[in-house]
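Before any comments, here is the structure.
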């Protein structure tokens, strides 16, 4: 399975929002700058995430975006499914298959695809934004205390 830029950039934006928006709203341009994502493209991603109930927005001079739920309540799976749709490796094992294969009842490889899909979902549903915030803090701990004179 290969994720599109929607999934990759959307996850990066949500982690950035989780790290930087504690008790305040963040302008999209700040996320776009930090993550090197086009602001126009980021607007499209955030609109989908807002519609999915993962992000909320406030208009006005002090406005911006923040998480709609706590970081412990949002999983990587929630974000990826909102942006990518089903994470199933092939259509015949997705939640809402577009078409049903003629060999559906006797297909041996379908079992393989189902197991792969189940493991993908298990992994992405076990990682929360809070887990990623903690990982971010570990990786960037030294950078916070570096002073240049």
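Need one word for segment 43-90: rounded, prolate or oblate. Basis is the Cα gyration tensor (sqrt eigenvalues a ≥ b ≥ c); a/c below 1.5 gives rounded, then a/b vs b/c decides.
Since a/c reaches 1.5 but b/c is at least a/b, the shape of segment 43-90 is classed as oblate.
Using the Cα atoms as the points, what is the convex hull volume per residue of segment 5-144 in Å³?
Looking at segment 5-144, the number lands at 125 Å³ per residue.
Could you sort the peptides 74-80, 37-43 by per-residue average Cβ neighbour count (10 Å cutoff), highest mean leading?
74-80, 37-43
Taking only C-alpha pairs under 8 Å that are 6+ residues apart, what is the relative contact order of the chain in percent?
Across the chain, relative contact order equals 25 percent.
Where does helix 109-126 land angle-wise versus the long Cα axis of the chain, in degrees 0 to 90, nearest 10?
Helix 109-126 sits at roughly 20 degrees to that axis.
Sort 51-63, 121-133, 8-20 by the packing proxy (mean of other Cβ within 10 Å over each peptide's residues), most packed first.
8-20, 121-133, 51-63
With runs of 4+ DSSP H residues as the only contributors, calculate the mean residue ellipticity of the chain at 222 nm using -39,500 (n - 2.57) per run, divided by the residue total and rounded to the nearest 500.
-17000 deg cm²/dmol
FYI, it's all coordinate maths here, none of it is from the lab. Keep in mind it's a predicted model, so treat the numbers as computed, not measured. A quick note on method: Cβ atoms are made from the backbone with ideal geometry, for glycine too, and the neighbour counts reach across all protein chains shown.
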